[in-house]
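Q: Take a look at the following structure, please.
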Amino acid sequence: MGTIYILWLRQVKKYFRTPSRIVGSLGQPLLFLLVFGFGFGSIFRQAGQGDYIQFLAPGIIMMSVLFTAVFSGIDLIWDRQFGFLKETMVAPVPRWRIMFGKTLGGATVASFQGVIVLVMSLFVGFKVYNLLMLPIAAIFVFLVAMLFTSLGIAIASKLEDMQGFQLIMNFLVMPIFFLSGALFPLQGLPKALELITRLDPLTYGVDGIRESLIGIGTFGIATDLLVVAVIAVILLGIGSYLFERIQA
């Protein structure tokens, strides 16, 4: 457990030591909240869907978690290039502990990023439907963070080039986000698009946190929680398997 704690603490410290990274990573969520929230708010209201900021904010929270979690895989490539990974791998501990410590650290950072975006959204008009459901929302945030941090580390375990990682991640991350229902309701979609959204794991994270925060959902909290938890465990296992075979 000591190895897991040390790696977790290293990831968290690295995040808080770079205030510019924190501020920079908040620019995109804030832009989405302001531009989409107020730009499409009147259209959303005219369509009888209510306040768009209320609908949008949970999706933007998950967007922030997604981007921060997935790109934590860059740290693994960075550690490999500068030799820190080799020093870590020679430690007399199972490699899965190293991977789990890095994943837990990345997920913690991504979760904290989601909390910051939630606080930001309160200043642009978002209101939490039921404060008693905040712990459930926090569970969804952390599970999604674990899921996509595991994905990022799994892919980084097979790559040595940072630019290649960024290209692959952009190819995956943008479709995952835009097809998750973060920006639009899932009801009334064409059948093909509806099928794709249901295959997107982020869809269930967005739906779960939206139902937790504003009481509006499609699949139900139990279904959302089950799907996100199962996929997170699967990706954690895949990430551990690939990390076991990494060449430092």
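The values are calculated or read from the model by the stated rules, or taken from the named source; none is laboratory data. Everything numeric here is computed off the predicted structure, so don't read it as measured data. Ideal geometry is used to build each Cβ from the backbone, glycine not excepted, and the neighbour counts take in all protein chains shown.
Q: If GLY208 passes every condition in (1) under 24 Å from LEU122 (Cβ atoms); (2) in a loop (DSSP other than H, G, I, E, B) but one, which one does it miss?
A: The single condition GLY208 does not satisfy is (2).
Q: May I ask you to list the residues in segment 147-174 that are within 24 Å of TYR204 (Cβ to Cβ), free of Cβ contacts under 8 Å to residues at least 24 places away in the same chain and surrounded by 13 or more Cβ atoms within 10 Å (Cβ to Cβ)?
A: ILE168 - this is the single residue of segment 147-174 that is within 24 Å of TYR204 (Cβ to Cβ), free of Cβ contacts under 8 Å to residues at least 24 places away in the same chain and surrounded by 13 or more Cβ atoms within 10 Å (Cβ to Cβ).
The rows are residues; the columns are (1) part of a helix (DSSP H, G or I); (2) of a type in the set (A, V, I, L, M, F, W, C); (3) within 19 Å of MET63 (Cα to Cα).
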site	(1), (2), (3)
MET174	yes, yes, yes
GLY181	no, no, yes
PHE184	no, yes, yes
GLY217	no, no, yes
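Q: How about segment 58-73: which of its residues are part of a helix (DSSP H, G or I) and within 15 Å of SER25 (Cα to Cα)?
A: The answer is ILE60, ILE61, MET62, MET63, SER64, VAL65, LEU66, PHE67, THR68, ALA69, VAL70.
Q: Still on this structure, please answer the following. Among the residues of segment 156-196, how many are touching an Asp or Glu at 6+ places or on another chain (Cβ under 7 Å) and of a type in the set (S, T, N, Q)?
A: Total satisfying the criteria: 1.
Q: A further question follows. Within segment 41-71, can you find the residues that are within 10 Å of the chain's Cα centre (by Cα) and modelled with pLDDT under 85?
A: The one that is within 10 Å of the chain's Cα centre (by Cα) and modelled with pLDDT under 85: PHE71.
Q: Condition check: under 30 Å from ARG45 (Cα atoms), in a helix (DSSP H, G or I), more than 17 Å from the chain's Cα centre (by Cα) and at pLDDT 90 or above. Does GLU194 satisfy that?
A: no
Q: Between a residue in segment 231-248 that is farther than 22 Å from ASP161 by Cβ and any residue that is assigned to a helix (DSSP H, G or I) and at pLDDT below 80, which pairs come within a Cβ distance under 7 Å, given they are 6 or more apart or on different chains?
A: So the pair list comes out as SER240/TRP96.
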